Amino acid sequence: MSDAADPRPIVSVALPLPLRREFSYLVPPGLPPPAPGSRVRVPFGERALTGVVVSASGPPATGMREILEVLDADPVCPPDLLALARRTAQRFFASTGEVLRSALPARLPAPGALRYRITQKGALGRASGVEAAALEALASGESVRAADLPKGTADALRSLEERGWVRAVSAFRDRRARTETAYLLPAAGPAEDVRRSARGGQVLAWLEAIGRPATAAEIRLATGAGPAVLRTLALAGLVRSFPQALREEAPPILAARSPFRLTGEQDAAVMQLSAAIREKRYFPALLQGVTGSGKTEVYLRAIGQALGAGRGAIWLVPEIALTPVFARELKRQFGDRAALLHSALSERERGLAWDRVRKGDARAVIGPRSAIFAPVADPGVIVVDEEHDASYKQRESPRYDAREVAALRAKTAGAALLFGSATPSLEAYHASRQGRVARLLLTERVESRPLPDVTVVDLRREIPGPDEKGVPLFSRPLVERLRETFARGEQAILLQPRRGYAPFLLCRQCGHDFRCTRCSVARTVHDRGRHLVCHYCGERLERPLRCPECSGALLEAIGFGTERVGDRFAELFPDVPYAVLDRDSSRKRGAGAVVEDVLSGRVSCLIGTQMVAKGHDFPNVTAVGVLSADTMLNFPDFRSAEKTFQLVAQVAGRAGRGESKGTVHVQTFHPQHPAIQRAAEHDVDGFCAGELAFRRTFFYPPFCELAAILVSSPDRERAAEAASAIAAAAEGAPGLRLSGPAPAPLERLQGRWRHQVLLRAPDRKTLLAILESCVPERPPSGVQIAADVDPQDLM
């Protein structure tokens with residue numbers, strides 16, 4: 001019998017492969033067709049893959065094969081998310097299967113893993129038919145896999161579970177009972193002498209206030225205390241620790257929020273958002289507010305309005321490491337109605353959180369870009385905090401932009417879409433000026449606090465120290481200001497955009513710079529000069545004693561990373577405690593712990609990379625120093641000025657958010673650059689006007705649609721030839737402006753040579769059509785091709 005005439009049902013399945021199409025499979029006899037959104041195991045070549053059914057009917061194809069296994073009795077992906085994944089794939093020239101792989105947790109309950117156990121009520125009950133067969137199979141009292149129960153019992157099990165005759169045992173539970181450590185005050189109550197330790201005192205006071213045991217996670221969420229504090233308290237006999245059964249997700253107990261009265265501008269913004277939420281009307285808006293103007297309060301009020309109307313809410317934040325900091329505020333206000341979703345959670349944690357949201361137990365979700373795919377039913381508001389941040393664009397496949405996906409989802413759901421930033425992206429700013437997005441302004445800080453005074457320090461006029469190699473690290477005005485700050489008991493932030501100890505190691509005798517053997521970049525010096533690490537492929541080696549090229553011993557670390565800045569700071573201010581916040585420190589301690597150290601006053605200076613500029617509210621920080629404002633200006637990227645302006649303006653906004661006015665010192669070799677000047681003047685409109693004129697002249701976004709095609713291969717010539725073939729196929733397309741092919745700015749990464757082709761077109765439809773015509777679905781042997789629609793960097 002031919003496949004076209006086969007009477008068996010056909011389904012379309014999206015597979016996690018870089019192939020922009022879906023695949024048809026036959027449903028085996030006796031198996032009901034899986035519903036769209038269900039996961040299935042299917043054969044693909046010699047492999048078996050897990051895919052998602054996207055359609056209950058599919059086109060017949062030659063050589064169709066049967067589904068191996070249906071993993072879900074009910075769809076794990078709701079219809080609206082399934083449609084969103086397909087639209088996302090289409091908009092970003094990606095595979096629907098890869099989008100779904102990014103959206104869905106890797107570990108979700110499936111009927112093959114789900115187990116059932118009979119209850120006392122079920123053991124005493126009398127049933128007939130299929131229900132009786134199910135109860136008989138469970139009569140031993142042991143849990144039984146749903147896949148091992150008699151066929152056709154799925155509906156019966158649901159009915160029996162609703163009546164309390166059987167109980168589902170979570171697929172996430174291990175065979176052994178899982179425990180966690182809980183802490184409780186001793187019967188005698190807290191000891192007074194510990195109040196001398198600020199953090200320990202906070203823990204004891206909080207435990208005394210709640211009057212029950214609490215887990216380490218709950219204590220950290222409420223007080224910021226880490227494991228070391230709890231161990232110290234336990235060893236001193238001030239708290240008692242004991243194991244308890246692991247709870248799937250305990251509701252946090254946090255101090256109530258202080259009453260907050262909205263400003264007139266905040267109130268006007270909340271009223272417009274509330275009306276859209278109630279009316280189920282798509283309302284895209286840019287909340288452009290100066291730093292410290294209370295944007296977070298607007299987010300929380302809008303989320304509260306959505307939950308009050310029986311709808312859901314999604315709050316996107318730009319950085320995984322900082323998500324718990326913002327999640328604390330969300331959970332403080334909404335308790336167990338809020339959930340945290342991000343890829344840094346364990347598979348079990350993410351699966352549990354996803355399931356809570358899918359069941360409707362949690363209706364407000366916070367997380368980074370992947371949280372836009374959270375299964376929130378009927379979202380009433382979607383917040384994109386710090387919308388200018390490039391981390392909303394995924395760099396690896398599928399290369400989607402969560403900001404655009406948020407717009408797609410909000411439009412379909414009839415939701416308010418709120419982009420928030422003090423320094424909006426040029427795309428969002430231009431859309432608001434064109435009237436495509438409402439513009440909600442917060443022009444003043446809360447309680448009319450003044451913006452900080454900004455001083456631009458011309459490094460050309462500063463005298464470097466003997467070990468600074470011509471580049472002064474701490475200018476005289478900055479050092480003087482820091483001394484005044486610390487003398488008053490206030491705090492400071494220092495921004496240095498490079499992590500590690502130094503950007504590279506140099507042989508002073510032959511000029512060798514210890515480049516990575518697999519990438520065309522120098523290795524970064526780490527661990528106070530003890531190791532060399534490639535930040536792109538992870539290659540790591542101990543610092544050599546001699547140069548491998550000339551055997552010279554004069555090896556010198558050039559430049560300053562956050563580690564070295566910390567060492568230099570300790571020399572200048574030996575009695576001032578400091579902390580470092582960058583990707584390395586956040587992996588070791590967690591960003592939340594570092595932030596709590598600043599808030600508690602345990603450290604007086606926070607040194608870090610871009611992470612110190614992202615949304616923090618430190619009331620006692622009155623001084624900010626930007627040690628090198630030129631780092632991003634030198635990147636070969638049309639967005640370099642925009643990123644520099646945003647970074648300087650954002651970190652400047654951390655100063656003076658409390659009762660005392662703040663000051664900012666921006667150190668630069670380019671004091672007249674518009675990005676530096678406008679940031680110093682807090683002039684968003686002026687910067688955007690000049691930068692938009694430049695983008696319009698040279699046909700860059702937001703005045704065009706841009707795609708970067710990256711071709712890579714271990715063989716340099718193959719990469720060049722494949723890039724040339726793509727450029728030749730695209731050349732001459734109507735409306736196209738073609739740049740390249742050319743070597744990428746970082747020509748070699750992870751052992752692969754990289755060539756780049758840039759396409760610019762007047763609209764997305766034209767751009768996608770050109771990509772379809774010039775990018776082969778199956779690249780030449782040994783070559784990888786990645787098409788990035790709307791790239792956020794061109795390195």
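The values are calculated or read from the model by the stated rules, or taken from the named source; none is laboratory data. All of these numbers come straight from a predicted model, not from anything done at the bench. Heads up, the Cβs are rebuilt from the backbone with ideal geometry, glycines too, and the neighbour counts pull from every protein chain shown. The protein model used for the area step is the full one, side chains on, heavy atoms only, and it has no ligands, DNA or RNA in it. Shrake-Rupley method; radii C 1.70, N 1.55, O 1.52, S 1.80 Å.
Side notes on the structure shown:
- Here's the list of lysines a cross-link from K280 could span, going by alpha-carbon distance under 27 Å and ignoring same-chain residues fewer than 8 apart: K295, K331, K359, K411.
- For region 736-776 and region 39-87, distance of Cα centres in Å: 31
- The charge dipole of the chain, taken about the Cα centre with unit charges on the Cβ atoms of Lys, Arg (+1) and Asp, Glu (-1), comes to about 1020 debye, rounded to the nearest 20.
- Here's the list of lysines a cross-link from K588 could span, going by alpha-carbon distance under 22 Å and ignoring same-chain residues fewer than 8 apart: K614.
- Net charge contributed by nearby residues that have their C-beta within less than 12 Å of S585 (K/R +1, D/E -1): +1
- Cysteines without a disulfide-compatible neighbour (Cβ-Cβ under 4.7 Å), the chain: C77, C537, C605, C688, C704, C774
- Given the choices (i) 14, 43, 35, 8, 0; (ii) 11, 28, 29, 22, 8, 3, 0; (iii) 15, 50, 31, 3, 0, P(r) over Cα pairs in 20 Å bins from 0, in percent derived from the coordinates of this structure is entry (i).
- Separation of alpha-carbon centers, region 269-334 and region 518-543, rounded to whole Å: 41
- Across region 535-552, computed HN-Hα scalar couplings (Karplus, 6.51 cos²θ - 1.76 cosθ + 1.60, θ = phi - 60°) run 6, 9, 10, x, 4, 9, 8, 6, 5, x, 7, 9, 6, x, 8, 10, 6, x Hz from first to last residue, x flagging Gly and Pro.
- Whole-number accessible area per residue in Å² for the chain, which is evaluated in the context of all protein chains at 1.4 Å: 44
- 3J(HN,Hα) couplings calculated from phi for region 379-390 with the Karplus curve 6.51 cos²θ - 1.76 cosθ + 1.60 (θ = phi - 60°) are, in sequence order, x, x, 8, 10, 9, 10, 7, 6, 4, 6, 6, 5 Hz; Gly and Pro show x.
- Difference of contour (0.36 nm per residue) and Cα-Cα distance, R737 to I463: 94.0 nm
- Between amide H atoms placed 1.01 Å from N, distances below 5 Å from V166 occur with T119, E161, all of them 5 or more places distant or on a separate chain.
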